[in-house]
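One structure is given here, and the rest of the page talks about it.
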Ligand code: GLP
């Protein structure tokens, strides 16, 4: 596992954007896994700038988002589909038909929808780079504590703490769903590369549990310890509870010359 500690939220977004641009330049038809939440917004702004400056094109890119609220139609401004259109898709050259956000109405069969979503990811060739945030309880996507570490796209009931964390985005009296459809941990671990972005002191214990804690369903992000190519890009505040943070800084400075020489996606040279 690679842990990159940078100064602040802007540097996290910058490093995430560099990784995405490098992937797109090496593989213009890349398949990306995308996340919602406040954290990736700064990354998406950087990607929009990259597109505007001609440093990246999304013309041939396919995307799959991690999750969506149940019963939330795409035209609802609170839906994750609306979020993605607003924060990224409408401002870059991606073809909307190539963007996927799981969608499950109250009367839909969630199992059938989950299987179809997994099949669509496979049919697209699998995810090259999955972007993740992390919940303050360690969730990734909406895989709440004690979800199966072998889970696939399905419905999850949100914990009280997640509902509370996300309530800041809903106005008083507005309908806030307690159910979501989310890619599972097994689905996420199948991505060829995973990058988790975290900023702020409120993420520090979740980040510590994910990186240094025991592999446990209690902290869903700890499942990334089993991934061959997982990279955490975190700021100083989010790194503040890490026992090994000096080691991570040192390892990173040792790795930099290798990355400068071969790039981050040298495995793609062989495909
Ligand atoms: C949400 C999303 C996650 C996201 C997390 C943290 O509930 N389902 O994908 O990573 O919470 O969000 P934020 O970046 O706003 O802290």
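The values are calculated or read from the model by the stated rules, or taken from the named source; none is laboratory data. For clarity, every value in this text was computed on a predicted model and none was experimentally measured. Cβ coordinates were reconstructed from backbone atoms using ideal geometry, including for glycine residues, and neighbour counts include every protein chain displayed.
Within region 170-186, which residues are at negative phi and exposed (fewer than 13 other Cβ atoms within 10 Å of the Cβ)?
If the condition is that a residue be at negative phi and exposed (fewer than 13 other Cβ atoms within 10 Å of the Cβ), then 171, 172, 174, 175 are the ones that fit.
Filter region 102-113 for residues that are more than 27 Å from residue 203 (Cβ to Cβ) and within 16 Å of the ligand (Cβ to nearest atom); which is surrounded by the most Cβ atoms within 10 Å (Cβ to Cβ)?
104
For the list (1) farther than 19 Å from residue 6 by Cα; (2) at pLDDT 95 or above, I need the number of the one condition that residue 269 fails.
(2)
Testing residue 81 on (1) touching a residue at least 12 places away in the same chain (Cβ under 8 Å); (2) part of a loop (DSSP other than H, G, I, E, B); (3) touching a strand residue (DSSP E or B) at 6+ places or on another chain (Cβ under 9 Å), one condition comes back false. Which one is that?
Residue 81 satisfies all of (1) touching a residue at least 12 places away in the same chain (Cβ under 8 Å); (2) part of a loop (DSSP other than H, G, I, E, B); (3) touching a strand residue (DSSP E or B) at 6+ places or on another chain (Cβ under 9 Å) except (2).
Tally up the residues in region 12-56 that are within 16 Å of the ligand (Cβ to nearest atom) and over 17 Å from the mean Cα position of the chain (by Cα), please.
Matching residues across region 12-56 total 0.
Return the pairs, sorted by first residue and then second, in which the second residue is more than 10 Å from the ligand (Cβ to nearest atom) and assigned to a helix (DSSP H, G or I), the first residue lies in region 151-172 and is under 21 Å from residue 65 (Cα atoms) and in contact (Cβ under 8 Å) with a residue 40 or more places away in the chain, the beta carbons are less than 6 Å apart, and the residues are 6+ apart or on different chains.
These pairs meet every condition: 153/114; 153/117; 153/118; 153/187; 154/114; 155/110.
Search region 197-225 for residues that are more than 20 Å from residue 40 (Cα to Cα) and pair each with any residue that is surrounded by fewer than 18 Cβ atoms within 10 Å (Cβ to Cβ) and modelled with pLDDT under 95 when their beta-carbon atoms are under 7 Å apart and the residues are at least 6 apart or on different chains.
225/1
With respect to residue 99, is the statement that it is out of contact with any helix residue (DSSP H, G or I) (no Cβ under 6 Å at 6 or more places or on another chain) and surrounded by 14 or more Cβ atoms within 10 Å (Cβ to Cβ) true?
no
Residue by residue, here is whether (1) in contact with a helix residue (DSSP H, G or I) (Cβ under 6 Å, 6 or more places away or on another chain); (2) part of a loop (DSSP other than H, G, I, E, B); (3) closer than 24 Å to residue 125 by Cα holds:
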site: 164; (1), (2), (3): no, no, no
site: 168; (1), (2), (3): no, no, no
site: 174; (1), (2), (3): no, yes, no
site: 177; (1), (2), (3): no, yes, no
site: 180; (1), (2), (3): no, no, no
site: 186; (1), (2), (3): no, no, yes
site: 191; (1), (2), (3): no, yes, yes
site: 203; (1), (2), (3): no, no, no
site: 208; (1), (2), (3): no, no, no
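Would you pick out the residues in region 116-144 that are more than 13 Å from the ligand (Cβ to nearest atom) and in a loop (DSSP other than H, G, I, E, B)?
Across region 116-144, the qualifying residues are 124, 125, 126, 127, 128.
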